[in-house]
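A short write-up of the structure that comes next.
The values are calculated or read from the model by the stated rules, or taken from the named source; none is laboratory data. Keep in mind it's a predicted model, so treat the numbers as computed, not measured. Every residue, glycine as well, gets a Cβ built from its backbone with ideal geometry; the counts of neighbours run over all protein chains shown.
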Amino acid sequence: MTTPSDNPAATTARDGFGQLLRAEWTKLRSVRSTAWCLILAAGLMLLISALGATGSTTDANEGPSRRVDVFHFVHQPLTGDGSVTAHVLTQQRTGPSARAGLMIKEGTEQGAPYVSIAVTPDRGVQMQANFESDIAGTASGAPVWLRLTRTGTSVTGYESADGATWREVGSVAVATLPPTAQVGLFVTSPSTALRIVRQGGNTETSSAFEPSTATFDSVSVAPMSPAPAAAWSDLDVGKPGPRTDGTPVVGSSTESGGIFTVTGAGDIGTLPPGGDNDIVRDSLTGVLIGMIAIVVLGVVFMTSEYAKGVIRTTFTVSPRRGRVLAAKAVVLGLVVFAVGLVTALAALVLTRPIQRRNGFEAPAYPDPSLADGLVLRAVIGTALFLAMLALFALGVGTILRRAAGAITLVIALVVVPSIIGVFLPLNAELWLNRTTPLAGLAMQQTRDRFDNAIGPWAGFGVLCAWAAVALGLAYWQLRRRDA
Amino acid sequence: MGMTATIEARGLRKHYGRTVAVDGLSFTVAPGQVTGFVGPNGAGKSTTMRMILGLDAPDEGTALVGGRQYRSLRTPLREVGALLDAAAIHPGRRARNHLLWMAHSNGLPAGRVDEVLEQVGLGSVARRRAGGFSLGMRQRLGIAGALLGDPPVLMFDEPVNGLDPEGIMWIRGLLRSLAAQGRAVFVSSHLMSELEDTADHLIVIGRGRLITDASVDKLIAAASGDRVDVRTSRRAEAMTVLANAGATVAAGDHEILTVNGLTGERIAALLTERGLPFSELRQHRASLEEAYMELTRDAVEFNVTSVRQAS
Ligand SMILES: Nc1ncnc2c1ncn2[C@@H]1O[C@H](COP(=O)(O)OP(=O)(O)O)[C@@H](O)[C@H]1O
Ligand SMILES: [Mg+2]
């Protein structure tokens, strides 16, 4: 007769979290639904991303010149060498890069060569010539004295705090500057908002402008060779876009007692190539559908144990229930993360040729590279999103114990907002994308866009909070309830 | 292990809504024998077992396994093997994997899985999905899980349910051999007959309360009482004689009389005195089923303490 104390298992039995992880991993891999869910998730992700890429085209590389030259100009001719000086008293902050300052320009038509020096609310004094070559000054903002001096084809910019001591900011040669150029004050204010027109599921966006007003005094034009004082005229160079509500923006200027009040909007310079499509996010868009299978996987990982009563076996062999939930979460999270990462990379590789064929190519849309931190974050973020979503689903599955109810609830919270969002007013859509678990998708953003609801890590934080609340509640219920 | 390899219930009470499933239940399961846990359906057997395993929290009382609360066990498979519900298997999982995750969770080697599969006779279907298993095969798989950690305490809830006669024979043999190895074997059934020839000790409950807690021998003796069976060809005359002597006499099958209230010697003397022939005279031995019927029929009348004192 053998006695139980001869127990052959006794010497080798261990009790560690690693054992629980092994147990849960064995459970997960040994049922077919796991493989099905993962294959379905990956397949849908790739398919939908490819379809999305196929249906989206651009002419970003064929569009007109990317130079912009839009501002309000108060000017008079200056023949030969000379200088223009002004004291910028105040500047309205409509954005960080609104500009108020001085300009010498070949003429008043858009695109004519120029040299300018201006103050900005947040970026100090900037000297700029011919849509490029920014030279930074040292002054931080209005009030400030500015001066441009022409000597032949060379123009030098100065800044001064008091109008007495001047500091040279820089000197630029403009070969084509004619003998008589237009000099004077200018004000402009780049777009910081979008005008969005939503009809049905169709969204059109364009830049919206808010004009900035600046005041100047001590304005003087000093030709080297004496000339009769010329009169000031003013105009909008180019035509700024409308305000967010669609009303047109018109620049203006008035002079009273030597104080010039100038209002204008627009921008001067060369915009970087490209539209504002987030092609990395577009490549990963299939996750919106693929995630449904991941939700099912996360829910069923727990509810399948309740369906047949396996949960009682689980808690009989592992009475510490919180650790079981933790082990499930770790195993599920790692598996989904791994599959999500591979699939996200595959989606990027798969959709890129389709995007290129549809016009999304360099220079406007250069190939994304994993060496680019934003792209890497989008790829890893997609996997993190799926993993965290699976944990949220696991938590809900544990609380509700029934697959049907839990899947319905999670889908209602995650998938439904992603579908109905585009039919809502933008603000409502953004609100949904900020507060529902869908916020985690912000990890896929690689560009600043009007429809970015929330920052990448903040969005992921929102999803983590959902998962944490669900798992916390699940943990509490597991310990409290009978199995 | 050793002396502490037992199950102890102390004042267990559990209610679900308005149903009191278990009501102040106390008992001890001793090692080295099969303890039957008997009561009609709904008596509270499964609930008691769930409380012992820490699955359901008792309203009152405690249950200890080997002197400890189940939930404090770190590798419970080594301490207690339990089969609660043979249907509690993921139908899509292969039999071997079902045992493998259990083994992993308690750090048991995978080799144990193959051993217990052979032991319960499922070696050849180890890699089949449990969804296709018959009830008998599921019972065997559940028992394999209970045996995984080679524990000193085993608990089976209605393991005979739905088994064919061959399976019943197998389980009986297994229970006996496990007890013979010195383990405490606690097995429930709603049919006393299922435990005939298997259980050494019985804990009988009804409506969540203890009805009796006694060895099988004592129970049968109590149910048998001081009755004597007599076989005689002249039953009518014999009945009159014995009744006149103060006995209660009942006519049984054929030529049998069951006599209550007189010893065997006295009956023999009376019948011989009157010249009535009798071919057989023996102490009546009740079946376990009879004992059970008697217990549950007048559960209130039955004096639990008298049985206990007798034992
Ligand atoms: N989880 C539960 N929820 C509600 N009632 C239950 C639950 N488990 C058992 N019961 C009730 O408790 C009583 C005892 O049930 P049970 O322990 O299953 O009895 P047995 O196993 O002896 O047939 C029954 O009336 C049953 O309906
Ligand atoms: Mg039962």
Quick one: is A:G124 touching a residue at least 24 places away in the same chain (Cβ under 8 Å) and surrounded by fewer than 21 Cβ atoms within 10 Å (Cβ to Cβ)?
no
Hey, any hits in the range B:33-55 for a residue that's assigned to a loop (DSSP other than H, G, I, E, B), among the hydrophobic types (A, V, I, L, M, F, W, C), over 22 Å from A:G322 (Cβ atoms) and within 11 Å of ligand 1 (Cβ to nearest atom)?
yes
Suppose the filter is buried (at least 20 other Cβ atoms within 10 Å of the Cβ), within 11 Å of another protein chain (Cβ to nearest Cβ) and within 16 Å of ligand 1 (Cβ to nearest atom); does B:D157 pass it?
yes
Any residue at all in the range A:339-347 that's under 18 Å from A:V31 (Cβ atoms), part of a helix (DSSP H, G or I) and hydrophobic (A, V, I, L, M, F, W, C)?
yes
For the range B:171-215, enumerate the residues that are outside any helix (DSSP H, G or I), within 16 Å of B:E290 (Cβ to Cβ) and more than 15 Å from ligand 2 (Cβ to nearest atom).
B:E196, B:D197, B:A199, B:L202, B:I211, B:T212, B:A214
Can you pull out every residue in the range B:1-15 that is modelled with pLDDT of 95 or more and at negative phi?
B:I7, B:E8, B:A9, B:R10, B:L12, B:R13, B:K14, B:H15
Within the range B:31-43, is there a residue that is surrounded by 24 or more Cβ atoms within 10 Å (Cβ to Cβ) and farther than 22 Å from B:A146 by Cα?
yes
Out of the range B:250-300, which residues are closer than 28 Å to B:L195 by Cα and assigned to a loop (DSSP other than H, G, I, E, B)?
B:G252, B:D253, B:H284, B:R285, B:A286, B:S287, B:D298, B:A299, B:V300
Taking the condition more than 7 Å from every other protein chain (Cβ to nearest Cβ) and acidic (D, E), does B:D114 pass?
yes
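Yes/no matrix, rows are residues, columns are (1) touching a Lys or Arg at 6+ places or on another chain (Cβ under 6 Å); (2) not basic (K, R):
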residue	(1), (2)
B:V20	no, yes
B:G24	yes, yes
B:L53	no, yes
B:G61	yes, yes
B:G66	no, yes
B:R71	no, no
B:V80	no, yes
Mind listing just one residue for me: the one in the range B:10-30 that is within 14 Å of ligand 2 (Cβ to nearest atom) and not aliphatic (A, V, I, L, M) and, of those, surrounded by the most Cβ atoms within 10 Å (Cβ to Cβ)?
B:K14
Considering only residues that are over 17 Å from the mean Cα position of the chain (by Cα), within 16 Å of B:W101 (Cα to Cα) and away from ligand 2 (no atom under 16 Å from the Cβ), which ones fall in the range B:138-149?
B:L141, B:A144, B:G145, B:A146, B:L147, B:L148, B:G149
B:A5 being in contact (Cβ under 8 Å) with a residue 60 or more places away in the chain and either within 16 Å of ligand 2 (Cβ to nearest atom) or surrounded by 17 or more Cβ atoms within 10 Å (Cβ to Cβ) (or both):
yes
Are any residues in the range B:115-152 under 25 Å from A:V324 (Cα atoms), of a type in the set (D, E, K, R) and in a helix (DSSP H, G or I), and if so, which ones?
B:R138
For the range A:274-302, which positions are within 14 Å of chain B (Cβ to nearest Cβ) and surrounded by fewer than 24 Cβ atoms within 10 Å (Cβ to Cβ)?
A:V300
Restricting to the range A:214-228, what's the tally of residues that are within 17 Å of A:T151 (Cβ to Cβ) and under 46 Å from the mean Cα position of the chain (by Cα)?
1
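Scan the range B:37-50 and give yes if some residue there is more than 16 Å from ligand 2 (Cβ to nearest atom), modelled with pLDDT of 95 or more and within 14 Å of chain A (Cβ to nearest Cβ), otherwise no.
Looking for residues that are more than 16 Å from ligand 2 (Cβ to nearest atom), modelled with pLDDT of 95 or more and within 14 Å of chain A (Cβ to nearest Cβ), one finds none in the range B:37-50, hence no.
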I need the strands (runs of 3 or more DSSP E) fully contained in the range A:62-105, keeping only those with at least 1 residues that are of a type in the set (V, I, T) and modelled with pLDDT of 95 or more.
A:71-79, A:82-91, A:99-105
Scanning the range B:252-287 residue by residue, those farther than 27 Å from B:K218 by Cβ and under 32 Å from the mean Cα position of the chain (by Cα) turn out to be B:D253
Of the residues in the range B:60-81, those that are within 11 Å of chain A (Cβ to nearest Cβ) and either outside any strand (DSSP E or B) or within 13 Å of ligand 2 (Cβ to nearest atom) (or both) number 11
Out of curiosity, is B:A221 modelled with pLDDT under 90 and assigned by TED's automatic domain parsing to the domain that holds B:L271?
no
Of all residues in the range A:247-268, count the ones that are surrounded by 18 or more Cβ atoms within 10 Å (Cβ to Cβ) and closer than 22 Å to A:R195 by Cβ.
8
Could we say that B:I168 is touching a strand residue (DSSP E or B) at 6+ places or on another chain (Cβ under 6 Å), over 23 Å from B:L64 (Cβ atoms) and either away from ligand 2 (no atom under 16 Å from the Cβ) or at pLDDT 95 or above (or both) here?
no
Given the condition within 16 Å of ligand 1 (Cβ to nearest atom) and either of a type outside the set (S, T, N, Q) or facing chain A (nearest Cβ under 8 Å) (or both), answer yes or no: does some residue in the range B:92-109 qualify?
no
Tell me the strands (runs of 3 or more DSSP E) entirely within the range A:120-227 that contain at least 2 residues that are in contact with a helix residue (DSSP H, G or I) (Cβ under 9 Å, 6 or more places away or on another chain).
A:193-199, A:202-208
